[in-house]
Amino acid sequence: MNAQAVEVGWLDARETLTAAELSRACGLTAAELEELVDYGVLTPVPQRPSERAFSADCVTSLRTAGRLRHDFELDLFAIAILLGYINRIDELEREVKMLRAHLPAHPPHPHRGEGPEPWREPHG
């Protein structure tokens with residue numbers, strides 16, 4: 001049995017990572033990260049002009065994309081497309097959670113099944 005060393009850390013979305021740190025965290029090379037920047041799916045943080053830095057918020061999606069790349073032998077352009085979809089899904093999930101938080105908390109309606117109640121003729 002091979003034991004594999006795992007580095008565990010807590011990432012805050014407000015933190016930034018250098019390209020080298022991001023490369024280690026997600027399993028993509030610095031050149032691959034640069035290509036993803038060229039494709040427009042990875043955006044450097046503008047506050048650090050001397051060295052490229054990225055928001056720690058992108059680590060999870062980049063790890064998923066890196067795993068998919070390895071598992072399915074995808075090229076980097078396919079990964080760029082996947083990252084766009086992954087990021088959009090994450091954005092929509094956050095929006096759904098926010099909208100659900102604004103719904104009133106009502107108990108479930110006691111229907112026998114799905115849909116509206118069937119029409120019943122009044123008996124007189």
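The values are calculated or read from the model by the stated rules, or taken from the named source; none is laboratory data. None of the values given here were measured: they were computed from a predicted structure. Neighbour counts run over all protein chains shown; Cβ positions are idealised from the backbone, glycine included.
Some notes on this structure:
- So Glu7, is it assigned to a loop (DSSP other than H, G, I, E, B) and either modelled with pLDDT of 90 or more or within 18 Å of Gly66 (Cα to Cα) (or both): yes
- Scanning the range 14-64 for residues being part of a loop (DSSP other than H, G, I, E, B) and either under 19 Å from the mean Cα position of the chain (by Cα) or of a type in the set (Phe, Trp, Tyr) (or both) gives a total of 10.
- Residues in the range 17-74 that are touching a helix residue (DSSP H, G or I) at 6+ places or on another chain (Cβ under 7 Å) and of a type outside the set (Ser, Thr, Tyr): 26 in all.
- Residue match in the range 65-73 (condition: part of a loop (DSSP other than H, G, I, E, B), surrounded by fewer than 10 Cβ atoms within 10 Å (Cβ to Cβ) and at pLDDT 90 or above): yes
- Pick from the range 21-56, criterion at pLDDT 90 or above and acidic (Asp, Glu), ranking: farthest from Ala80 (Cα to Cα): Glu21
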